[in-house]
Amino acid sequence: MLALPKKELITFLIFAVVVLTMPIWLTPFGASYPGLLQKFAIYGLLAVGFNILFGLTGYLSFGHAAFLGVGSYAAVWSFKLLSMNAIPAIVFAVILSGLFALVIGYLSLKRSGIYFSILTLAFAQMSYNLAYSVLTPITNGETGLQLTLQDPRVLDLAFSERGAGLPLVELFGVDMAGYGGFYLSAILLIIGFFVAQKITLSPFGLMLKGIKSNQNRMKYTGFNIRPYTLAAFVISGMYAGLAGGLLAVTDPLAGAERMQWTASGELVLMTILGGVGTMFGPVLGAWIMKYLENIFSAFNENVLHNLFSFLPEGVQEVAVRFVALFVGEGWHLTLGLMFVLVVVFLPGGLMEGYRRFVNRFFNGKKPKPRVPDKQTQPAE
Amino acid sequence: MSTSDHNIVLHVADVHMRFGGLHALADIDLEVEEGKTHAIIGPNGAGKSTLLNVCVGRLAPTSGAVVFDGQIITGMKPHEINQAGVARVFQTPEIFPDLSVLDNVMAPAFARRDGAFKLNFLGNMHREAEIREEAEHFINDVGMTAELDTHAGALSRGDKRRLELAMCLIQHPRLLLLDEPTAGMSRHDTNTTIELLRKIKERGMTKVIIEHDMHVVFSLADKISVLAQGRIIAEGTPDEVRANPKVKEAYLGSTQE
């Protein structure tokens, strides 16, 4: 049941090693500190789950941030009501987001193609607005849900006295704000990657690919498409909930902006950037995006002035003004440009670039002319 | 299973189909006997494909019913009709262009074994030796063993048709509906397909076949129904139909400029 074919097993082992050694090999890039490492692992997990839906069935959800948000809120409530232990928080995050995905998926999957995407977007925006205003008692509105000194924490306080300051999230005594949080997220990312591999290689995965390839043939071959797509939707919603829960585990607060459509859009971008439907691609996309976001958004005018200090006064001003458009607050402009370049020149994402590179330089073969397929298009 | 010669597998009972003002099918009454090959011929626009679409649940008839194996299948969903034992080859091949030929044929085998839905995501395709062997067997039957790992989208049109046929055959349907199974094939491939369809017949599979190629029709059919302007104008053995003056008129009338 847990076995993988040899080739996939090697892929899995390489992936596991790469993830666990991140603190080492990211040091030269200046990215080896817990806050960013946690993001790499968590957003990687989010992308792996999203790819189960988008990559296998071709259904493009524009509302996955809703599940991310639900996961975060569930986790923070678990800290407030039950315990600062990470395990119940994660379990609640996954279960609750799974239930949410079941309801939203059931309604959205009545349509396919662009109508499905719009429905998911609408539901996610609805969830965002509810979290932002109507459900303030549960979500604490625009301030965001935080821990307080008066939280009941039934389980914790049954065994110990209330401490002086705000408590910390822990797992078996390990503090989850630092490397502990990273290793927990990394292990869950590796498990999530494994499950995604199993799904891809199972008969269930074949049916999902069949749905992406030709829905008509699936129907006339005797398959009931709805439960298949719904199962894929719920599974990927649970991945998103797990990621949301981990965001709260590493930093125990949850805000409505986590559910906004820009967050969903970011997820779509990272998946396409890396390569839809490939195993590594979405994770790679997530890592690159979070890395660049970290670098570019840290630039401000002072940094730029230092960078261009070798230029004469007037030219320096112009250069700083121009480059400032692409960094700091404006880093999304850079992201947009990068996205356009990838989609135009590498429609299969960075993984396709990698394949072309290997084909050209190591196999001595010409890259295969790419059959224009539906990789980046939603299902009809 | 009844041994009677008159065991009716498919009964199209008094079916009418209207699209707005167009009477696409009028008063269609059709009985297909177990184990027989029933051909439906007729000029373009006679309603042949519409009739097939009504049989597989793609279209709901305006009135009337389709009875398969004693069960009314009008109003049932396409996948339910397939699960009941009806498979269909389409006029434009409906295959999985993004999957390998082997996966294309394995998928329908899963539909037969596991039903319309099964959440076995911890199963492993590499461990499904039985289904794989069966798929390889049927791919061999249609003469495509060399293409096992080819992306189905890259196949020629004729090969796509043969692949689709293998996808239907692996389901061991009680009734196989074929919409112009040899269109776009070379003469050699057409003859191979005829041979293959004959072989299936020996296994007792009932077939309804729509075809333009009279060579195919007269090589295979036990019974022929002639459709013109939505009505059945003649019915009988190939020899009877060939001699029927109404049939000649319908064909000449539609091709005369």
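Taken together, the values in this text are just the output of simple stated rules run on the coordinates, not laboratory data. Note that the structure is a prediction, hence the values are computed from the model and not measured. Heads up, the Cβs are rebuilt from the backbone with ideal geometry, glycines too, and the neighbour counts pull from every protein chain shown.
Defining a contact as two alpha carbons under 8 Å apart and six or more residues distant in sequence, what relative contact order in percent does chain A show?
On the way: 592 pairs, mean separation 108.0, N = 380.
Taking the mean separation of contacting Cα pairs over the length of chain A, I get 28 percent.
Put simply, the Cα atoms of the stretch A:6-281 extend 65, 45, 32 Å along their principal axes, the longest span coming first.
Using the Cβ atoms and a cut-off under 15 Å, what net charge is assigned to the surroundings of A:G178, where Lys and Arg are +1 and Asp and Glu are -1?
Details: positive: A:K39; negative: A:E170, A:D175, A:D251.
Value of the local net charge: -2.
Hydrophobic long helices, here whole DSSP H runs in chain B with Kyte-Doolittle means of at least -0.5 and Cα atoms spread over 27 Å or more along the helix axis, are not found. Globularity index of the stretch B:99-257 is 1.24 (Cα radius of gyration / 2.2 N^0.38 Å, N = number of residues).
With the simple spin-label model, which puts each label point 7 Å out from Cα in the Cβ direction, the B:T62 to A:S160 separation comes to 7.8 nm. Counted by Cβ distance under 12 Å from A:A248, the other residues give a net charge of +1, where Lys and Arg count +1 and Asp and Glu count -1. Between A:F362 and A:V344, the simple spin-label model (points 7 angstrom out along Cα→Cβ) gives 3.0 nm. Okay, helix-only estimate at 222 nm for chain A: each DSSP H run of n ≥ 4 adds -39500 (n - 2.57), divide by all residues, round to 500 deg cm²/dmol; what do you get? Mean residue ellipticity, 222 nm, calculated: -21000 deg cm²/dmol. The Rg/Rh ratio for the stretch A:168-296 is 1.03, where Rg is the radius of gyration of the alpha carbons and Rh is the Kirkwood radius. Across the stretch A:17-111, the volume of the C-alpha convex hull divided among the residues equals 125 Å³ per residue. Taken along its three principal axes, the alpha carbon spread of the protein assembly as shown comes to 99, 63, 51 Å, from the longest extent down to the shortest.
Based on the Cβ-Cβ distance of B:A84 and B:R113, what FRET efficiency does E = 1/(1 + (r/R0)^6) give at R0 = 22 Å, to the nearest 0.05?
0.90
Label separation (A:E301 vs B:A146): 7.1 nm, computed from points 7 Å beyond Cα along the C-beta direction. Among complete DSSP H helices in chain A, those whose alpha-carbon atoms stretch at least 18 Å along the helix's long axis and whose mean Kyte-Doolittle hydropathy reaches 0.5 are A:6-20, A:34-51, A:65-81, A:86-108, A:113-129, A:179-201, A:225-250, A:261-274, A:281-298, A:331-345.
According to the Cα-based calculation, Rg over Rh for the stretch B:91-172 is 0.96, with Rh computed by the Kirkwood formula. For A:Q260, neighbours were defined as the other residues whose beta-carbon sits under 13 Å from its Cβ, and their charges (Lys and Arg +1, Asp and Glu -1) total -2. Taking amide H as placed 1.01 Å from N in the peptide plane, B:G64 has its amide H under 5 Å from the amide H of B:H16, each at least 5 places away in sequence or on another chain. Using alpha carbons only, the radius of gyration of the stretch A:97-231 set against its Kirkwood radius gives Rg/Rh = 1.10.
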